[in-house]
Each structure stands twice: as structure tokens, then as C-alpha cells.
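The values are calculated or read from the model by the stated rules, or taken from the named source; none is laboratory data. Remember, predicted model here, so these are calculated numbers, not experimental data. No Cβ is skipped: glycine too gets one built from the backbone with ideal geometry, and neighbour counts run over all protein chains shown.
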Amino acid sequence: MPRSLPWVAALLTLVGVPAGLAVTGGNLEIVMTGAIACWLSLLMLLVGRWPLTVLIVSVCCTIAWHTSHLIGSGWAWPSTAAFVALALAGRLRAAVVTGIVTIGYGLAWDGVVEQLPADRVLGQLGGEALWLAAALAVALSYRSTRRWQDEVAARLAQSLHEQELDALRRRAEERVGIARDLHDVVSHTLAVVGVHLNVALDAFDEEPEEARDALRLAQDVRGRAMSDLKSLVDVLREGNRIETPAAGLEGLAGLTDQVRAAGVAVTVTELGERPEVPAPVATAVYRVVQEALTNTVRHAGATRVTVTLHYTPASVTVEVADDGAGDAGITEGHGIMGMRERVAALGGALTAGPGPGAGFTVRATIPIAA
């Protein structure tokens, strides 16, 4: 259940009850109408912790006011916010049973006790039943959508974690292979050079020509070893740098596709010419986008998110902005703290908070090392 729901329910009740009573002619006395609306609104502030209790108290109060002739219309609809909150809390059956009991009580009271005309009773209570059914249907649809998005976000996070572990495993295997090659090259070179140096040392006085040949061979072996070592070092350097369009864009494309599958429209915009980005910077950009999109799907309730990458020769700026709940939807937890620490370790800065208009915005600027 969203944390802002009690306040939203209280506000809607405060406005909706007087409006409903005025439209239906239930009570036009300002003091009584205001008192009823305020009381029901105060109850709504507790709906986040005790949704069923609040609904029962709200319905009982409405029945008491109605049977005391303090209001002339409304059995279930004044408690609409409480019905919706209970459904969002996952207790749809309790909400439906309470609604049926309330409508049934109203039918018995108006038809038997008050002996109102049958067409009037059926019209009013039938309208209330349709209104309540529509409200519960909307609540159920919203809850199902949120559960689906949460499940997609969880799968997204798990998939990305598995991909990261697989990439780390492959990197470790590559480094083990490179270390083995380095060991073979260095040990072989030192052994061969050592043999030729011993030959040169033994023949230096008596056979200087043989000593020169041995030194020449040692020099040749050393040259070949230096070439091999340079190739291995180049492999290590390539492992620490990525070509931006390949790995970076392929990874972000996978992220955005999975977020679109959760029902959120994603737009990716790139500004400037893409430079060669060091692997730590590219990884940080990827993780910032990953965490921001995961938060958007899981918490923000957004329908649209924009990812902007701005490249300059000195830095990369990434911004992820959604149109969701802003600071009410996402709070700073371990995910945002982790993003900030990762960016700060590279000499950059990250900000996260409500956007200029609405929604939530994550923005990180990371320098590119020369």
C-alpha cells in the first residue's frame, strides 16, 4: 500500500462527502456536513495501519448518522476511500463482504423500517452498489498492475545480478589465463637468457667470438620476450577499456527492453560525440541507469522515463528522469547510496530527488580519465 494513501484518502473524503451529500440532497446543513466529513477524514489517516478497522468504524458511523436522520442519503459511498484502501491492502474479500452487508442493511432499513417507495430504494442502493463495485474494480486493477511491475523489477534485478556475476567470472578466467601466459613468457625468457649469459661468461676470456654470439642470442630472446609481454599488456589494457557503442549501448538496450516489458515507456537520448570510455566509468554509468530504472519500476508508479547521456571530452553525464511519484515514491536507501559512492570513487557527483516539474530524477556526472 502506498505510504501517501492515508493522506490522499483523507483529502478525497474531506472533499467528496460534502459534495456527495449536496448532490444527493442528503444534508445541506454546513455544520453537520463539515463535522461528518472531518470525522471520516480523520479516520482515513489511520487506514494505512488498520484498514479493516477503519472501514468498519466508518461504515458503522455512516449507518448511525443515516438511521438517526442526520443525513438523508448514502450508506456505503461515504466510506469509498476506506473500501479502496482495504482492497489495496490485499483484503478484497473483506471489502466485498462489508459492502454487501452495508448495502443489505440499507435495503432493509429503507424498505422495511422507513417504507420508502421500492423504485426509490432500488435506484439509490443500486447506484451505490454500482459505484462501490467500480471503485473496488479500479483498486484491484491498480494493485495487480503494481504487483506485476514489482515482479518484473525483481526479475530485472536478478537477471542483471546474474549477468554481472557471469561477466566477473569470465573476467577472472581471462586474467588467470593472462597470468599463466605472463608466467610462461617471463620464466622461459629468464631461463634462456640465463643460459646464454653463463655461456658468454665462461667463454669471455678464451673464446670472445662465442661469448659475443651467446650475448647476441640472449639479446634476441629478450627482444622476442618484450614483444610478447607488450602484447599481453595490451590485452590487459583492452580489458580495462570498452568501445562505447558496443558494450555500453548493448547493455542499456537490454535494460530498457526489460523496463518496457513492465509497462513503462523508456526513451534514450545521446548528446555529443561518444569518446572512448574507461571501463570503470562505463560500468558506473550502466549501474546508475540500472538502479534508477529499477527504482522507477518498483517504487515510482511512473508511466514514462527518459534516459539522457551527454558526452564531452572530459566527462560523461547520465540523467534518468521519470514522471512518477517524486519524493513520495522513492526514498534514499542503499541503492542510491551505492550509486553515489560508486560515482564519488571516480571523482564524480550524483544527485537524486524530485524533478523540476514532477517525478524523480537521478543525475550523475563522471570525469573521463586521460
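Data for the structure
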{"read-out": "Unique residue being closer than 21 Å to Gly301 by Cα, within 37 Å of the chain's Cα centre (by Cα) and assigned to a helix (DSSP H, G or I) when the list is Leu160, Leu136, Leu130", "value": "Leu136"}
{"read-out": "Enumeration of residues in segment 86-100 that are within 15 Å of Ala137 (Cβ to Cβ) and touching a Pro at 6+ places or on another chain (Cβ under 7 Å)", "value": "Leu86"}
{"read-out": "Residue within segment 107-123 that is of a type in the set (S, T, N, Q) and in contact (Cβ under 8 Å) with a residue 12 or more places away in the chain present", "value": "no"}
{"read-out": "Selection status of Leu116, of a type outside the set (S, T, N, Q) and either under 13 Å from Trp75 (Cα atoms) or surrounded by fewer than 17 Cβ atoms within 10 Å (Cβ to Cβ) (or both)", "value": "yes"}
{"read-out": "Residue list for segment 130-152, filter: small (Gly, Ala, Ser) and touching a residue at least 40 places away in the same chain (Cβ under 8 Å)", "value": "Ala135, Ala139"}
{"read-out": "Yes/no for Gly34 being more than 19 Å from Trp131 (Cα to Cα), at pLDDT 80 or above and surrounded by fewer than 21 Cβ atoms within 10 Å (Cβ to Cβ)", "value": "no"}
{"read-out": "Those helices (runs of 4 or more DSSP H) lying entirely in segment 26-92 with at least 2 residues farther than 16 Å from Leu14 by Cα and free of Cβ contacts under 8 Å to residues at least 12 places away in the same chain", "value": "51-67"}
{"read-out": "Filtered residue count, segment 139-157, keeping only those that are of a type in the set (D, E, K, R) and surrounded by 14 or more Cβ atoms within 10 Å (Cβ to Cβ)", "value": "3"}
{"read-out": "Test: Val268 is surrounded by 15 or more Cβ atoms within 10 Å (Cβ to Cβ) and over 11 Å from the mean Cα position of the chain (by Cα)", "value": "yes"}
